[in-house]
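The values are calculated or read from the model by the stated rules, or taken from the named source; none is laboratory data. All values reported here derive from a predicted model rather than from experimental measurement. Cβ sites come from the backbone with ideal geometry, for glycine too, and all protein chains shown count toward neighbours. In case anyone asks, the SASA skips ligands and DNA or RNA and just uses the protein heavy atoms, side chains included. Shrake-Rupley method; radii C 1.70, N 1.55, O 1.52, S 1.80 Å.
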Amino acid sequence: MPPVLLSETGSAAMAVLAVLAMAAILPGVVDPRRIWHRAALMGVTILLGCRYMWWRGTETLPPPGLDVGFVSGLLLYTLELGAFLSSVSAGILMTRFRDRSPEAEAGRDWWAPGPPPRVAIFVATYNESREVLERTIVGAAALDYPDFEVMVLDDGRREWLRHYCAERGVTYVTRPDGHGAKAGNINHALRRLAAQGRAPDFFAVLDADFVPHRNFLTRTLAVFADPEVGLVQTPQHFFNADPIQNNLGLARSYPDEQRFFFDHMQPSRDGWGIAICCGTSSVARWTAVEDVGFLPTDSVTEDFLLSLTLQEAGWRTAYLNEALTEGLAPEGLKEYITQRARWCLGLMQIARGRLGPLGQNRLRLRDRWSVADSVLYWIMTFPFRIAALIFPLLYWYFNVIVVVAPLPQVLGHFGVYFAWSILAYNLLSPGMVVPVLKDVTQYLGAFQISRAAITGILKPHGHPFSVTAKGGDRSKVVIQWWVMAPFAVLLALNVVGLGLGIFSDRFAYHDAGEGKAVILFWTIYNVIVLSLTVLACIELPRREEHVADAPERVIFAPEGAAPARVWLASLALDTARIRGRPFAGGVRGILRIPGLGDMEATVMETLPDGARLHLVVEEQPVRMALLRRLYAEGPAPGTGRVRLAGLIADLGTRFSRERDT
């Protein structure tokens, strides 16, 4: 490398290192709850991003002309610019933040001295299993509130569910058709209550797999002390790992994919007054929803559309960022991708409808921005991700250079911007943004989501509502070939191209000039990301596990032996992990847990310091108590932020496991 270029590279590298060094200083200075601190961090991020995009557009494009190089370079830049505009919008949103917990505390019993409001709890269901519905119904019936009715809205019209609801003392509701999907199901229940003269003051919506904590109503209803609030949304937490966490073995060290949105983006949206309804785990004011003609059915994302409909009529959506429900994340990649493609399609339907950002409506400018922000994210981010995987291959196979830039300039512009943005986002949302894993998360559904975006824009209506399947057998290793195939092909092309390019003088690498380092870094990065993406397509067996916040003392009484006082380390509906002394496999006995009761247990695995037990819980009072303990009580389940040391160890374990098999 020439001395001048070496010097420029060193200077640019020092600038990147200076940004990284600030990661040791700024956490002690920045207060994420102070608006000016947030605005300063995001303002610098946006300015550095604009500097980078200007440099990209003025100095890195191939020479103009009607050739593959210029057209490809311009297309890549256009997609990158669209993705950057989406990130700018997100950065502006992140400059604000609202915490409504003090309001919920101050608004407790705002209806006193009158009677507490009457509430209907709607559990919308279609084809979920008894195992999934049981915990939701039991949890809903156990709410710590004096005046509510649980109503199971069954669009599957299942006779066994009718009988189960009768046994549990909850109302079973069905309808003759499935018009309007979930929104139509809820509207049918609302109109039925109105016709019967039983209209409640508020109603809550729970998906079939979401269990409310006991204080769900007492906390959410307190926010309605503000008479302008028409709907209160709470975050979704999950007691199981999502497909990325599970398939990469990161359930204990990496947060689920939705944590950033629910823990950080929604409070920021609420700071701007544009929080959105997300369907489940929400409570709505009857008069507000009645005022707008009940739930809209013009989109498969009826929840977001409901917030816009309410806002147009003068009702606000509030966001209470407290863990008040927990549910089941999509358990497989197919369900994960189907869910996100449906969200994307729904946003396109909203954008093309009357309440779109350019529609003739009474929405505020910020509400139009809210829709535009979501549309930008879905329609630009994922096509750009695909392009970032494909375009480097043009170097290796066709000698086409789409980014003309020496390493010092790349470090000085992109490197500084990228390092600062990672720093800024992790200051405002600690432990949420891990570059490589974030890319894997977005790549997995990129092809299907991009197709849904294009379809939704060109043909917004006439698409069926795709239900996210929950439950089922997850005990085997399953390779999702249909998801893996494009990434495996791209991985092979990158590896082969990289090898041929380096070791054969007939390929582009030898003609890339100063861009050699950029080509190498881009390709190697893609190889790493694609390798993890391919690995994430191998679905590992699942076993539900609830780890106790602190081990507790229990009694295990083996048949024919004296009871043993042991530690309960983890507990699920059908398994338990005990420590204190080992027990031989096959031993049967009784596990006695204070506050729950006695459960039949069999040792299914002997461990050095204890055993793993299989539980048979058939006694209904005990089973109901266990369900309430596992799903309706306690703090938020799952991991709230990245544990870096654990993340590295877990990834190492996952790669070792794959190599051994």
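Residue 38 meets all of the listed conditions (1) open to solvent by less than 40 Å² (accessible area, probe 1.4 Å); (2) of a type outside the set (A, V, I, L, M); (3) modelled with pLDDT under 95 but one, namely (3). Taken over the stretch 299-354, the criterion of being in contact (Cβ under 8 Å) with a residue 60 or more places away in the chain, assigned to a loop (DSSP other than H, G, I, E, B) and within 26 Å of residue 459 (Cα to Cα) is satisfied by 300, 353. Considering the conditions (1) under 30 Å from residue 414 (Cα atoms); (2) at pLDDT 90 or above; (3) in contact with a Ser or Thr (Cβ under 9 Å, 6 or more places away or on another chain); (4) not aromatic (Phe, Trp, Tyr), residue 498 is excluded by exactly one of them, (2).
Where residues in the stretch 214-226 are open to solvent by 10 Å² or more (accessible area, probe 1.4 Å) and either within 25 Å of the chain's Cα centre (by Cα) or of a type in the set (A, V, I, L, M) (or both), which of them is nearest to residue 282 (Cα to Cα)?
My answer is 219.
For first residues located in the stretch 39-63 and without any contact (Cβ under 8 Å) to a residue 40 or more places away in the chain, partners that are open to solvent by 30 Å² or more (accessible area, probe 1.4 Å) and part of a helix (DSSP H, G or I) and lie 6+ apart or on another chain with Cβ distances below 7 Å form the pairs 53/81; 57/77; 63/70. May I ask you to list the residues in the stretch 318-335 that are modelled with pLDDT of 95 or more and open to solvent by less than 10 Å² (accessible area, probe 1.4 Å)? Listed by number, the residues that qualify are 318, 319, 320, 324, 325. Residues that are within 20 Å of residue 92 (Cβ to Cβ) and surrounded by fewer than 18 Cβ atoms within 10 Å (Cβ to Cβ) were ranked within the stretch 343-368; the one that is nearest to the chain's Cα centre (by Cα) is 366. Scanning the stretch 386-400 for residues that are surrounded by fewer than 21 Cβ atoms within 10 Å (Cβ to Cβ) and either aliphatic (A, V, I, L, M) or in contact with a Phe, Trp or Tyr (Cβ under 6 Å, 6 or more places away or on another chain) (or both) yields 386, 387, 388, 390, 393, 394, 400. Residues in the stretch 286-299 that are out of contact with any Pro (no Cβ under 9 Å at 6 or more places or on another chain) and either of a type in the set (A, V, I, L, M) or within 22 Å of residue 215 (Cα to Cα) (or both): 288, 289, 292, 295.
Residue count for the stretch 583-597 satisfying the condition of being in contact with a strand residue (DSSP E or B) (Cβ under 6 Å, 6 or more places away or on another chain) and open to solvent by 80 Å² or more (accessible area, probe 1.4 Å): 2. Across the stretch 233-251, a minimum of one residue is classified as charged (D, E, K, R) and modelled with pLDDT under 95. In the stretch 56-107, of all residues being part of a helix (DSSP H, G or I), within 28 Å of the chain's Cα centre (by Cα) and among the charged types (D, E, K, R), the one that is surrounded by the most Cβ atoms within 10 Å (Cβ to Cβ) corresponds to 80.
For residue 205, the stated conditions hold: it is in contact (Cβ under 8 Å) with a residue 12 or more places away in the chain, crowded, with 17+ Cβ neighbours inside 10 Å and in contact with a Ser or Thr (Cβ under 6 Å, 6 or more places away or on another chain). Counting only residues that are over 20 Å from residue 263 (Cβ atoms) and either among the aliphatic types (A, V, I, L, M) or part of a loop (DSSP other than H, G, I, E, B) (or both), the stretch 607-661 holds 23 of them. Just to be sure, is residue 263 open to solvent by 10 Å² or more (accessible area, probe 1.4 Å), among the acidic types (Asp, Glu), part of a loop (DSSP other than H, G, I, E, B) and touching a residue at least 24 places away in the same chain (Cβ under 8 Å)? Considered against the rule, which asks whether it is open to solvent by 10 Å² or more (accessible area, probe 1.4 Å), among the acidic types (Asp, Glu), part of a loop (DSSP other than H, G, I, E, B) and touching a residue at least 24 places away in the same chain (Cβ under 8 Å), residue 263 comes out as no.
Taken over the stretch 342-390, the criterion of being under 14 Å from residue 304 (Cβ atoms) and polar (S, T, N, Q) is satisfied by 349, 370, 374.
Is it true that some residue in the stretch 391-401 is free of Cβ contacts under 8 Å to residues at least 60 places away in the same chain and hydrophobic (A, V, I, L, M, F, W, C)?
Going residue by residue through the stretch 391-401, those that are free of Cβ contacts under 8 Å to residues at least 60 places away in the same chain are none.
Among the residues of the stretch 391-401, not one is free of Cβ contacts under 8 Å to residues at least 60 places away in the same chain and hydrophobic (A, V, I, L, M, F, W, C), which makes the answer no.
Which one is nearest to residue 136 (Cα to Cα), of the residues in the stretch 610-661 that are open to solvent by less than 20 Å² (accessible area, probe 1.4 Å) and not hydrophobic (A, V, I, L, M, F, W, C)? Filtering first and then ranking leaves 631.
Please go through the stretch 139-164 and pick out each residue that is open to solvent by less than 60 Å² (accessible area, probe 1.4 Å) and assigned to a loop (DSSP other than H, G, I, E, B).
Correct list: 142, 143, 145, 147, 155, 156, 158.
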